[in-house]
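Engineer: Before anything else, here's the structure in question.
Every number in this text was worked out from the coordinates using simple rules, so none of it is lab data. Remember, predicted model here, so these are calculated numbers, not experimental data. FYI the Cβ positions are ideal-geometry reconstructions off the backbone, even for glycines, and counts take in every protein chain you see.
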């Protein structure tokens, strides 16, 4: 694996851990696709650093378990905003 890719993977993992960020938030911060972030954190990180992988994986699993709640809140907020405008 090329050096710059390993550095990017470590940087993405560190950001995700520090901010408890979602894949989408991390992708937006670094200006790369969600697919790249996900591949880096799920597939490449275990090869680079097992310890970081376990920490990141815990955060990603937590985010996954809460995504339906976040989606519902976003939908509620959207329709509440539309009602106020009408």
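Engineer: Fewest to most neighbouring Cβ within 10 Å: what's the order for 56, 48, 23? Present the calculation step by step, with values, prior to reporting the outcome.
Structural biologist: Numbers: 56 25, 48 16, 23 22.
Sorted ascending by nearby Cβ count, the order is 48, 23, 56.
Engineer: Quickly estimate the mean residue ellipticity at 222 nm for the chain, helices only: each DSSP H run with n ≥ 4 gives -39500 (n - 2.57), and the total goes over all residues, rounded to 500. Walk me through the intermediate numbers first.
Structural biologist: On the way: 5 runs with 71 residues, N = 86.
Theoretical 222 nm ellipticity from helices: -26500 deg cm²/dmol.
Engineer: Can you put 20, 34 in order of Cβ neighbours within 10 angstrom, beginning with the fewest?
Structural biologist: Numbers: 20 11, 34 14.
With the fewest neighbours first, 20, 34 line up as 20, 34.
Engineer: Right, another one. What's the long-distance tail for the chain, i.e. % of Cα pairs beyond 16 Å? All intermediate terms of the calculation are to be shown ahead of the outcome.
Structural biologist: Working: 2032 of 3655 pairs.
Above the 16 Å cut-off, the chain has 56 percent of its Cα pairs.
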